[in-house]
There are 2 protein chains.
Amino acid sequence: MSEEKAGAYEGRVTWVEGLQFVAHGQVSGAAFVMDGDPNHGGLDSGVRPMEALLLSLAGCTGMDVISILRKKRQEVTGFWVNVRGFRAPEFPKWYTRIELEFVVRGWDISEQAVARSIELSQTKYCGVTASLKSEIVYTYRIEQEPVR
Amino acid sequence: MSEEKAGAYEGRVTWVEGLQFVAHGQVSGAAFVMDGDPNHGGLDSGVRPMEALLLSLAGCTGMDVISILRKKRQEVTGFWVNVRGFRAPEFPKWYTRIELEFVVRGWDISEQAVARSIELSQTKYCGVTASLKSEIVYTYRIEQEPVR
């Protein structure tokens, strides 16, 4: 059984200079750069950690939704998830509320399939959603391709 | 006032193929790739979303700690944060527990300064910590450089 299936994930962030860190995931072997605002000593060379949190949520639910839509034989030609997080005004400025907007483009996309895929992800499958305290709300939009 | 200071963060994940997504942060302008396990239709070309969540936590607290250590005039020559997340066995397999290990290398590093920096981040400053439901625990290790 792979570590991924066993359920534990590991990683490391390694400081480079200023607020620049390389973030490395042990299961995937992939890496990305995180960095801070130049006004606070950062080099502005990578995503902010609070952005990475939002993007992990959008990626997690996005992977669920595209997988389920495929199983439902939807002909998706484009798909993206916009995410916006609202922080409390005082430190630690946690995300009190996060808004997700799912946009599905394709041929004869079923609204019911889209709505159900998102619902399944948000209530049953997405481990990032389930790990957050924040209120998470979503909307979706379907862009049908012109008739063939 | 910049959007960063106003407290809202925005981003987008855009599906490319398989489970491959490009994740783009609107405040930083930076991007990285997320992808899934090849056994589940992924191309294995980027971090898993559940890894990105752990790494956002490690990066957030890592930036706090390196900033505070600098203010405390500690001569840090190396710094990294190891992170491990333990998931519930059933879907949505959320992180029930996350372990952080801070490793600080440097000249005459004060253990008190390290302990206090981590404590300040975890209790007061880190917005990712404060947004998570998971139990978060930490340890630290100091590696003193040899005497000059």
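A few comments on the model shown:
- Positive minus negative residues near residue A:94 (Lys, Arg vs Asp, Glu; Cβ under 12 Å): +4
- For region A:1-103, a crude dipole built from +1 on the beta carbon of Lys and Arg and -1 on the beta carbon of Asp and Glu, taken about the Cα centre, is about 480 debye to the nearest 20.
- Label-point spacing at residue A:123 relative to the other copies reads 4.1 nm, in ascending order, each point sitting 7 Å out from Cα along Cα→Cβ.
- Antiparallel DSSP beta bridges within region B:83-148, percent to nearest 5: 35
- Cβ-Cβ distance of residue B:140 and residue B:73, R₀ of 25 Å, FRET efficiency by 1/(1 + (r/R0)^6): the value works out to about 0.85.
- Here the simple spin-label model places points 7 Å from the Cα toward Cβ, and for residue A:8 and residue B:119 these points are separated by 2.9 nm.
- Ligands, DNA and RNA left out, the 1.4 Å accessible surface of chain A is 49% carbon and sulfur atoms.
- Plainly put, the tip 7 Å out from Cα toward Cβ on residue B:112 is 6.9 nm from that tip on each other copy, the closest given first.
- Of all DSSP beta bridges in the protein assembly as shown, antiparallel share, percent nearest 5: 75
- Net dipole in debye of the protein assembly as shown [+1 Lys, Arg Cβ; -1 Asp, Glu Cβ; about Cα centre; nearest 20]: 480
- Degrees, to the nearest 10: A:49-71 long Cα axis against longest axis of chain A: 20
- Within a Gaussian network of chain B (alpha carbon springs, distance under 10 Å), most fluctuating of B:85, B:41, B:29: B:29
- Between residue B:111 and residue A:43, the modelled label-to-label distance comes to 3.3 nm, taking each label 7 Å out from Cα in the direction of the beta carbon.
- In order along region B:116-126, the phi-based Karplus estimate (6.51 cos²θ - 1.76 cosθ + 1.60, θ = phi - 60°) of 3J(HN,Hα) comes to 5, 4, 5, 4, 4, 4, 6, 9, 10, 9, 7 Hz; Gly and Pro are listed as x.
- Using C-alpha pairs below 8 Å separated by at least 6 residues, the relative contact order for chain A is 17 percent.
- Between this copy and the others, label points of residue B:93 are 3.3 nm apart in ascending order, each placed 7 angstrom from Cα in the Cβ direction.
- All alpha carbon pair distances within the protein assembly as shown were sorted into 10 Å bins beginning at 0; the resulting P(r) in whole percents reads 7, 29, 35, 19, 7, 2, 1, 0.
- For chain A, share of DSSP beta bridges that run antiparallel, in % to the nearest 5: 65
- The distance linking region A:1-69 with region A:77-97 is 16 Å (Cα centroid to Cα centroid, whole angstrom).
- For residue B:96, solvent-accessible area (1.4 Å; no DNA, RNA or ligand), Å²: 60
- Test item: B:77-86 mean partner chain Cβ contacts at 10 Å: 5
- Distance to the B-onto-A rotation axis is smallest for one chain B Cβ; residue and value in angstrom are B:32, 2.
- Largest GNM mean-square fluctuation across A:45, A:56, A:121, computed for chain A with C-alpha springs under 10 Å, falls on A:45.
- Which of B:24, B:40 is most accessible, then next, and so on - probe 1.4 Å: B:40, B:24
- Residue among A:73, A:12, A:87 with the largest mean-square fluctuation in a Gaussian network model of chain A, springs linking Cα atoms under 10 Å: A:12
- With the helix formula -39500 (n - 2.57) applied to DSSP H stretches of n ≥ 4, the protein assembly as shown reaches a computed 222 nm mean residue ellipticity of -8500 deg cm²/dmol.
- With Rh defined as the Kirkwood radius, the inverse of the mean 1/r over Cα pairs, the Rg/Rh of region B:49-144 is 1.01.
- Dipole of region A:17-148 computed with +1 at Lys/Arg Cβ and -1 at Asp/Glu Cβ about the Cα centre; of A:38, A:66, A:18, farthest Cα towards the positive end is A:66.
- Long-range amide H partners of residue A:30 with built H, under 5 Å: A:25
The values are calculated or read from the model by the stated rules, or taken from the named source; none is laboratory data. Every value quoted in this text rests on a predicted model; they were computed, and no experiment measured them. As a convention, Cβ positions derive from the backbone with ideal geometry for all residues, glycine included, and neighbour counts pool all protein chains shown. Heads up: the accessible areas ignore ligands, DNA and RNA and are worked out on the full protein's heavy atoms, side chains in. Shrake-Rupley method; radii C 1.70, N 1.55, O 1.52, S 1.80 Å.
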